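> Have a look at this one.
The values are calculated or read from the model by the stated rules, or taken from the named source; none is laboratory data. Note that the structure is predicted; figures quoted are calculated from it, not measured. Neighbour counts are summed over all protein chains in view; Cβ atoms, including those assigned to glycine, are modelled from backbone coordinates with ideal geometry. The accessibility values were calculated without ligands, DNA or RNA, using every heavy atom of the protein model including side chains. Shrake-Rupley method; radii C 1.70, N 1.55, O 1.52, S 1.80 Å.
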Amino acid sequence: MYIKINNNHIELIKSANPYLIFATIFVFIIGLYYSLFQSPPDYIQGDSMRIMYIHVPSAWFALMTYSILAGSCVLWFITRNPLFNVVARSIAQVGMVFTLMSLITGSIWGKPTWGVWWVWDARLTSMLILFFLYIAYIFLWQAISNKELASKISAALAIIGFINIPIIKFSVDWWNTLHQPASISKLSAPSIDESMLIPLFIMTIACFLFLVTVSLIRFRLVLIENKMLRTSN
Amino acid sequence: MTSLVKSRLIKFLLSLIIVLIAVLIIIFNLRDNIIYFYGPTELLKNSDKQGQIMRLGGLVSVDSFQNETDSIFYFSITDGDNEIEVKYEGILPNLFAEDKGVVVEGVYMNDGRFIANKVLAKHDENYMPPEVIETLKKSGKWQGE
Amino acid sequence: MNELLDMGGYAIFVWSSYGIFFFSLVIFFLINMLNLRKYEKIFNKTKNKID
Amino acid sequence: MLNLIKRDLLLSFYSSANFFFTVSFFVLILILIPFAFGTQSDQLTNLFKGVVWIALALSIIITVDRIYNADYEDGNLDIIMQKNKTIEYLVISKYVTHWFIYCLPLLVILPILSFLFYLDYLETIQIFINLFIGSFGMVFIANFVSALTLGAKRTIFLKAIIMIPLFVPFIIFGSDAGSWPILLGLSMLSFVISIYVTAYGLRLYGE
């Protein structure tokens, strides 16, 4: 299946943009209402667990975005369809922002809960490395002046960096870490009460909408960038 | 053409074998460098760890917490099977409580006690509002720690 | 209302993390939106010249 | 392959300033430890075991520019690649020469340094074995990063930021005395990844 992006697609994305922005803001406001007003405090952590509602979605989407990034790089190498390269390049920076946000909110949560801002356990360290991988992917592309070459090479780097994703995911199960294991997993019932699951769920949808909105904006940006590079050559 | 395919196949198989051997070596030799803390049972098993700086983690055992003064505390850390006594001087984090997770950093002394210079509260993966805990406890369904 | 702002004693942590989170998201969104506008303008200009 | 190794070794002996620069860089990092942390012997011994890995990582990072860049810029890389149909041989010979020129001197000088930091014989041998095995893995990583970033600007920052995350497992396991099997496994893994990626990068730039 060879998908080619034409002007109709771009027009569609363009026309969807305001709705997506509106939807993102709307869901974020509902999520904020639920997470700050509606949800009860935790029985041990008190109100500081409200940070979880933004920390967990950003960590999820940091991992998910990198998986999509590496996956589309692999698909690009297999199918040679330039669409996958554009997808990878438009999604990378959103993932970097989510990674940074999960690191920052996590460390703000860590101070009242653990008593320290940062510990060098396996989960936190591997997440920091993920942030470096995003930076390496973005800067490597910018640093190589031949852009076709730059895309291929940064894609190769992104695929190598995928080793880190299972390490992040399973670090809390494989090794003793200070970071708690996942509260929500497929195999067992979530260990979060329903009244706290709802705001988390809404915030996750809001973050997903943000990811889609900004990725589509960047998608258009990358396409124009590509066209300008082609005409300048 | 066939020779090219053949050489590629050989290369691929060779690298697959190397990767497999490497992964096996790593898995069988993985030591505790990445482990952030030891449990009491692991520490008691390895007496060569005595006199070293390390981290110990587990639950604060029930009715073991004593404070000598405002800043010197005694408690023991358990993993259900074994206990290690801990002495700590300093400020405890807010979430420190009996029957809750904790990680302490300090020296494992030769007499089997642990002198901590840092206490970190470890949170578990449960998030519950206080009312739910009350009702769960009343109905006897609460099986936390 | 005061109870809400106080957040059970965790006010600094909760509000600062939410503040940083939304501030960065909005800034990131605006940077990309403005960049897109700029690029579209430049692109249209060059296209008109070619035409 | 042997010809290539011979050529690279000869070239590096003609410009031996590079080689002394790396060794002195390595030594200087380690000699700075007592100034920064005081001269207690126990502490120095402990610090040495960890900092020696940081010194090795940094010394390899500063040599990355010298693996393929000179050949790429004067066009020799194209000629070598046309002569050798299998790029893998070229890559392996580069591994060998890079290790010989930049890692072997560091390993030779290591026992002398370790006595300055009050390590006993057993500890010195353990560190030597760890560094010996780990340095191969680091050289493999450095080679593929060098091949990928041949055409990049602002290179040292970029190379450092790509290489440091990849060096992290070596540094974590390297400072532990008995962990040479893990380092061997890591080196083997990085060999397989590196040989494919280096060949890929060279093919891209060679076209």
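> Restricting the stretch C:27-36 to residues that are facing chain A (nearest Cβ under 10 Å) and of a type outside the set (S, T, N, Q), which is most open to solvent (accessible area, probe 1.4 Å)? Walk me through how you get there before you give the answer.
As a first pass, look at the stretch C:27-36 and keep what is facing chain A (nearest Cβ under 10 Å): C:27-29, C:31-33, C:35-36.
Filter once more, keeping what is of a type outside the set (S, T, N, Q): C:27-29, C:31, C:33, C:36.
Details: C:27: 71, C:28: 24, C:29: 41, C:31: 92, C:33: 27, C:36: 3 Å².
Per the stated criteria, the residue is C:31.
> A follow-up question, please. Of the numbered conditions (1) within 12 Å of chain B (Cβ to nearest Cβ); (2) open to solvent by 30 Å² or more (accessible area, probe 1.4 Å); (3) among the hydrophobic types (A, V, I, L, M, F, W, C), residue A:172 fails exactly one; give the number of that condition.
(2)
> In the set A:155, A:143, which member is of a type in the set (Gly, Ala, Ser) and either over 19 Å from the mean Cα position of the chain (by Cα) or at the interface with another protein chain (Cβ under 10 Å from one of its Cβ atoms) (or both)?
Every option except A:143 fails the conditions.
> Which residues, counting only those in the stretch D:176-207, are facing chain B (nearest Cβ under 8 Å) and part of a loop (DSSP other than H, G, I, E, B)?
Within the stretch D:176-207, D:176, D:178, D:179 qualify.
> Then there's this: Identify the residue in the stretch A:104-126 that is among the polar types (S, T, N, Q) and without any contact (Cβ under 8 Å) to a residue 24 or more places away in the chain and, among all such residues, is farthest from residue C:18 (Cα to Cα). First the steps, then the outcome.
Filtering the stretch A:104-126 down to residues among the polar types (S, T, N, Q) leaves A:105, A:107, A:113, A:125-126.
When the remaining residues are screened for being without any contact (Cβ under 8 Å) to a residue 24 or more places away in the chain, the result is A:107, A:125.
Working: A:107: 13, A:125: 23 Å.
So the residue we want is A:125.
> In addition: Being in a helix (DSSP H, G or I), more than 13 Å from every other protein chain (Cβ to nearest Cβ) and free of Cβ contacts under 8 Å to residues at least 60 places away in the same chain narrows it down to one of B:5, B:62, so name that one.
On the way: B:62 fails: in a helix (DSSP H, G or I).
None of the other options fit; the residue is B:5.
> What is the number of the single condition among (1) buried (at least 16 other Cβ atoms within 10 Å of the Cβ); (2) assigned to a helix (DSSP H, G or I) that residue D:112 does not meet?
(1)
> Whether any residue in the stretch A:33-40 is in contact with a Pro (Cβ under 6 Å, 6 or more places away or on another chain), outside any loop (DSSP other than H, G, I, E, B), among the polar types (S, T, N, Q) and touching a residue at least 12 places away in the same chain (Cβ under 8 Å) is what I want to check.
Filtering the stretch A:33-40 for residues in contact with a Pro (Cβ under 6 Å, 6 or more places away or on another chain) gives A:34-35, A:39-40.
Filter once more, keeping what is outside any loop (DSSP other than H, G, I, E, B): A:34-35.
Of the ones still in play, those that are also among the polar types (S, T, N, Q) are A:35.
Then drop every residue that is not touching a residue at least 12 places away in the same chain (Cβ under 8 Å), which leaves A:35.
Yes.
> Which is within 11 Å of chain B (Cβ to nearest Cβ), assigned to a helix (DSSP H, G or I) and under 29 Å from residue B:99 (Cα atoms), of A:109, A:120?
Numbers: A:120 fails: assigned to a helix (DSSP H, G or I).
So the residue among A:109, A:120 that is within 11 Å of chain B (Cβ to nearest Cβ), assigned to a helix (DSSP H, G or I) and under 29 Å from residue B:99 (Cα atoms) is A:109.
> Within the stretch A:127-139, is even one residue open to solvent by 40 Å² or more (accessible area, probe 1.4 Å), more than 8 Å from every other protein chain (Cβ to nearest Cβ) and touching a Lys or Arg at 6+ places or on another chain (Cβ under 9 Å)? If you could, list the steps in order and put the result at the bottom.
Taking the stretch A:127-139 as the starting set, the residues that turn out to be open to solvent by 40 Å² or more (accessible area, probe 1.4 Å) are A:128, A:132, A:139.
Add one more test, that the residue is more than 8 Å from every other protein chain (Cβ to nearest Cβ), and what stays is A:128.
In the following step, the residues that additionally are touching a Lys or Arg at 6+ places or on another chain (Cβ under 9 Å) were identified as none.
Scanning the stretch A:127-139, I find no residue that is open to solvent by 40 Å² or more (accessible area, probe 1.4 Å), more than 8 Å from every other protein chain (Cβ to nearest Cβ) and touching a Lys or Arg at 6+ places or on another chain (Cβ under 9 Å), so the answer is no.
> So, one more: Check off (1) surrounded by 14 or more Cβ atoms within 10 Å (Cβ to Cβ); (2) assigned to a strand (DSSP E or B) for residue B:117 and give me the number that stays unchecked.
Only one criterion is unmet by residue B:117, namely (1).
> Could you tell me how many of the residues in the stretch D:25-48 are open to solvent by 50 Å² or more (accessible area, probe 1.4 Å) and within 23 Å of residue D:95 (Cα to Cα)?
Qualifying residue count, the stretch D:25-48: 1.
> Right, next: Output the qualifying pairs, or none if there are none: Cβ atoms under 7 angstrom, residues six or more apart or on different chains, first residue in the stretch C:6-25 and within 7 Å of chain A (Cβ to nearest Cβ) and assigned to a helix (DSSP H, G or I), second residue surrounded by 14 or more Cβ atoms within 10 Å (Cβ to Cβ) and among the basic types (Lys, Arg).
C:13/A:111; C:14/A:50
> List the number of the failed condition for residue B:55; all other conditions in (1) closer than 24 Å to residue A:114 by Cβ; (2) out of contact with any Asp or Glu (no Cβ under 8 Å at 6 or more places or on another chain); (3) outside any helix (DSSP H, G or I); (4) not hydroxyl-bearing (Ser, Thr, Tyr) hold.
The number of the failed condition is (2).
> Listed residues A:78, A:30, A:54, A:25; which is open to solvent by 10 Å² or more (accessible area, probe 1.4 Å), in contact with a helix residue (DSSP H, G or I) (Cβ under 7 Å, 6 or more places away or on another chain) and either part of a helix (DSSP H, G or I) or more than 14 Å from chain B (Cβ to nearest Cβ) (or both)? Walk me through how you get there before you give the answer.
Details: A:78 fails: in contact with a helix residue (DSSP H, G or I) (Cβ under 7 Å, 6 or more places away or on another chain); A:54 fails: open to solvent by 10 Å² or more (accessible area, probe 1.4 Å); A:25 fails: in contact with a helix residue (DSSP H, G or I) (Cβ under 7 Å, 6 or more places away or on another chain).
Result of the check over A:78, A:30, A:54, A:25: A:30.
> I would also like to ask the following. Restricting to the stretch A:98-115, what's the tally of residues that are among the aliphatic types (A, V, I, L, M) and open to solvent by 20 Å² or more (accessible area, probe 1.4 Å)?
Within the stretch A:98-115, the subset among the aliphatic types (A, V, I, L, M) is A:100-101, A:103-104, A:108.
If we keep only those that are open to solvent by 20 Å² or more (accessible area, probe 1.4 Å) as well, we get A:100, A:103-104.
Residues in the stretch A:98-115 being among the aliphatic types (A, V, I, L, M) and open to solvent by 20 Å² or more (accessible area, probe 1.4 Å): 3 in total.
> Specify which of the listed residues (A:178, A:221) is aliphatic (A, V, I, L, M), open to solvent by less than 50 Å² (accessible area, probe 1.4 Å) and within 14 Å of chain B (Cβ to nearest Cβ). Working first, answer last.
Numbers: A:221 fails: within 14 Å of chain B (Cβ to nearest Cβ).
Sole residue among the options that is aliphatic (A, V, I, L, M), open to solvent by less than 50 Å² (accessible area, probe 1.4 Å) and within 14 Å of chain B (Cβ to nearest Cβ): A:178.
> Examine the stretch D:88-97 for a residue that is open to solvent by less than 50 Å² (accessible area, probe 1.4 Å), of a type outside the set (Gly, Ala, Ser) and not in a helix (DSSP H, G or I), and state whether such a residue exists.
no
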